[in-house]
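**Q** Mind looking over this structure? Questions follow.
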Amino acid sequence: MVVITNALIWGFVMIACALALKGTGAYKEIQLILGGGAAASLLVVGAGVVRKSQD
């Protein structure tokens, strides 16, 4: 489940980046989207690892 959730987060990040780049030079917007995606990914995977180790 953790892997699927992580893949969905990164899929959304890629779509959001494509939409933000559409016809613009929006580097700052892309940087924030990718940073948010990376943080969400770390939280989801980290929580999954912690939960798995407690079982």
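The values are calculated or read from the model by the stated rules, or taken from the named source; none is laboratory data. What you see is a predicted model; the values in this text were computed from it and never measured. FYI the Cβ positions are ideal-geometry reconstructions off the backbone, even for glycines, and counts take in every protein chain you see. All accessible areas refer to the heavy atoms of the entire protein, side chains included, with ligands and DNA or RNA removed. Shrake-Rupley method; radii C 1.70, N 1.55, O 1.52, S 1.80 Å.
**Q** Pairs needed: first member in region 38-55, touching a residue at least 24 places away in the same chain (Cβ under 8 Å); second member anywhere, open to solvent by 60 Å² or more (accessible area, probe 1.4 Å) and β-branched (Val, Ile, Thr); C-beta distance under 9 Å; at least 6 residues apart or different chains.
**A** Every condition considered, the pairs that remain are 45/3; 48/3.
**Q** Would you pick out the residues in region 1-40 that are open to solvent by 80 Å² or more (accessible area, probe 1.4 Å) and in a loop (DSSP other than H, G, I, E, B)?
**A** 1, 22, 23, 25
**Q** Pairs please, first residue from region 20-36 and without any contact (Cβ under 8 Å) to a residue 40 or more places away in the chain, second anywhere and among the hydrophobic types (A, V, I, L, M, F, W, C) and open to solvent by 80 Å² or more (accessible area, probe 1.4 Å), Cβ atoms under 8 Å, 6+ apart in sequence or on different chains.
**A** 30/21
**Q** Looking at region 45-55, which of its residues are part of a helix (DSSP H, G or I) and either out of contact with any helix residue (DSSP H, G or I) (no Cβ under 7 Å at 6 or more places or on another chain) or open to solvent by 40 Å² or more (accessible area, probe 1.4 Å) (or both)?
**A** Answer for region 45-55, where residues must be part of a helix (DSSP H, G or I) and either out of contact with any helix residue (DSSP H, G or I) (no Cβ under 7 Å at 6 or more places or on another chain) or open to solvent by 40 Å² or more (accessible area, probe 1.4 Å) (or both): 45, 46, 47, 49, 50, 51, 52, 53, 54.
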